[in-house]
Amino acid sequence: RGLCEAQRRDRATRLEELRELLATHAGVKPKHLDHCAELVLRAVAYTDGLARAEARRELSRIVRHYVGHLDVLSPSGAQLAEKITDELADQALSVGMPSEQVVAALEDAPRLNEKRALRNRRIALVDEIADRLKSFQGLELPAVLGGLLHDLPALPHDAQGRICLFENWWEMPRFAAVPAVWRDMSTEARPQLQQECERLSATAQAIAAEEQELFGSVTQLRSELKALAMRSSAKELAEALLRFLLLRGAGRNPEPLDIALAVQWAQVAGGASVEMLGLVVVFMRWASLEDQICASLESVPSPKFMAIFRATLQGV
């Protein structure tokens, strides 16, 4: 079994694994390992070659049968013949028959290569969506958002008196429930989660249109895409808030545009509750007021104001 799993790797790796298997499980003495490994590899190569040749012959035979009887097969019979041909093509691939040879063998089967390619695209899309959904496990988004939005005056303050976060922000008690994965978030990279969700949704729509044309039915992925958008929008909102506070803590003056865009998406996708979105609005107003106060303190008074001010002082 170990050799079969490694049969597509380079010969040196296969030999090393086979030596270990022979020594551990077959009790072959060290001095005989190389000779036995070579014999087994030759036998496996011969067997694999026979399996590929048999798969090639069987696939060619069923395609000839399928195509040669299309005009007399009933719709259900043609569907069954196509299913058998499709399964034999998968078996041929599983025993190492090159994919280009499988495609060539299926050329005469009506649109079967198109259907198989479309099926593979759909499987790849489902796998990507599943992997992305799995990546949200353990992020504890409610804990992150809660730590960022509740009790704003208790957050650290920068040199200008504005709320912010510094390095090692996760050591604060309010972030005790936040997992370690958030510690490595970059403050430079802009969020791309919405664009990725839109790309996956567009791909799903394109595949659905082709499925309707080829199969007369569509694989629905609405619930999976909706769940992905919900989780992605919540994560993008949390990242935007965290990035804003960290940039302030680093002495920069970030614009709240990313937060505003994340709020819009979370509102549409359902990534945050009404209460949470209300807290974000309070956060943005608070941050905006702080920036206005700082800007007023740093601005140079107008000449008219200074003239009135001097006149007032002279009158005193």
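The values are calculated or read from the model by the stated rules, or taken from the named source; none is laboratory data. The model shown is predicted, which means the values in this text are computed figures rather than measured ones. Positions of Cβ are generated from backbone atoms using ideal geometry, with glycine treated the same way; all protein chains shown enter the neighbour counts. These accessible areas exclude ligands, DNA and RNA; they are computed on the full protein's heavy atoms, side chains included. Shrake-Rupley method; radii C 1.70, N 1.55, O 1.52, S 1.80 Å.
Couple of notes before you dig in:
- Positive-end ranking of N168, L214, I293 along the dipole of the chain, with charges on Cβ about the Cα centre, is headed by N168.
- The chain - Debye-derived log10 I(q)/I(0), Cα point model, q = 0.08, 0.12, 0.13, 0.15 Å⁻¹: -0.69, -0.94, -0.99, -1.11
- Sulfur and carbon atoms: percent of accessible area, segment 194-292 [1.4 Å]: 56
- Zone residues, segment 119-149, relative to S217, backbone N less than 14 Å from point 7 Å out along Cα-to-Cβ: none
- Principal-axis tilt of helix 33-68 within the chain, Cα atoms, nearest 10 degrees: 90
- Dipole axis of the chain (+1 Lys, Arg; -1 Asp, Glu on Cβ), positive-most option in L155, G68, S302: L155
- Kirkwood hydrodynamic radius of segment 153-257, from the reciprocal of the average inverse Cα-Cα distance over all distinct pairs: 16.5 Å.
- Treating r as the C-beta distance of E196 and H150 and R0 as 35 Å, the FRET efficiency rounds to 0.75.
- The chain, relative contact order in percent, only Cα pairs under 8 angstrom and at least six apart counted: 14
- Highest mean packing first, where packing is the average number of other Cβ atoms within 10 Å per residue, the peptides 178-188, 80-90 line up as 80-90, 178-188.
- Estimated dipole of segment 230-290 in Debye, rounded to 20 [Cβ of Lys and Arg +1, of Asp and Glu -1, Cα centre]: 100
- Total lysine pairs in the chain at Cα distances under 17 Å, for residues eight or more apart or on different chains: 4.
- Segment 174-316 - Kirkwood radius from inverse mean 1/r over Cα pairs (Å): 19.0
- Taking label positions 7 Å along the Cα-Cβ direction at both R174 and E54, the computed distance is 6.9 nm, reported to one decimal.
- Segment 72-119 - convex hull of the alpha-carbon atoms, volume per residue in Å³: 74
- Taking label positions 7 Å along the Cα-Cβ direction at both L93 and S74, the computed distance is 3.1 nm, reported to one decimal.
- In sequence order, calculated HN-Hα J values of segment 270-287 (Karplus, 6.51, -1.76, 1.60; Hz; x Gly/Pro): x, x, 9, 6, 4, 5, 5, 5, x, 5, 5, 4, 4, 4, 5, 5, 4, 5
- For segment 163-176, 3J(HN,Hα) computed residue by residue from phi via the Karplus equation (6.51, -1.76, 1.60; θ = phi - 60°) reads 4, 6, 9, 10, 4, 6, 4, 5, 7, 5, x, 5, 10, 4 Hz, glycine and proline entered as x.
- Between 0 and 90 degrees, the angle of helix 303-315 with respect to the longest Cα principal axis of the chain falls at about 30 degrees.
- Along the axis of the charge dipole computed for the chain (Cβ charges of +1 for Lys and Arg, -1 for Asp and Glu, origin at the Cα centre), the listed residues Q194, S223, L246 are led at the positive end by L246.
- Net dipole in debye of the chain [+1 Lys, Arg Cβ; -1 Asp, Glu Cβ; about Cα centre; nearest 20]: 220
- Per-residue Karplus couplings for segment 143-157, computed as 6.51 cos²θ - 1.76 cosθ + 1.60 with θ equal to phi - 60°, are listed in order as 5, 5, 4, x, x, 7, 10, 8, 6, 4, x, 7, 5, x, 10 Hz, Gly and Pro entered as x.
- The alpha carbon centroids of segment 63-112 and segment 145-224 are separated by 44 Å.
- Placing a label point 7 Å from the Cα of T187 along the Cα-to-Cβ direction, the residues of segment 245-262 whose backbone N falls under 11 Å of that point are 245-254.
- Averaging 1/r over every pair of different alpha carbons in segment 232-272 and inverting the result gives a Kirkwood radius of 10.2 Å.
- Extents of segment 90-172, taken as max minus min of Cα coordinates on every principal axis and listed largest first, are 74, 23, 22 Å.
- Length-normalised contact order of segment 189-246 in % [C-alpha pairs under 8 Å, at least 6 apart]: 46
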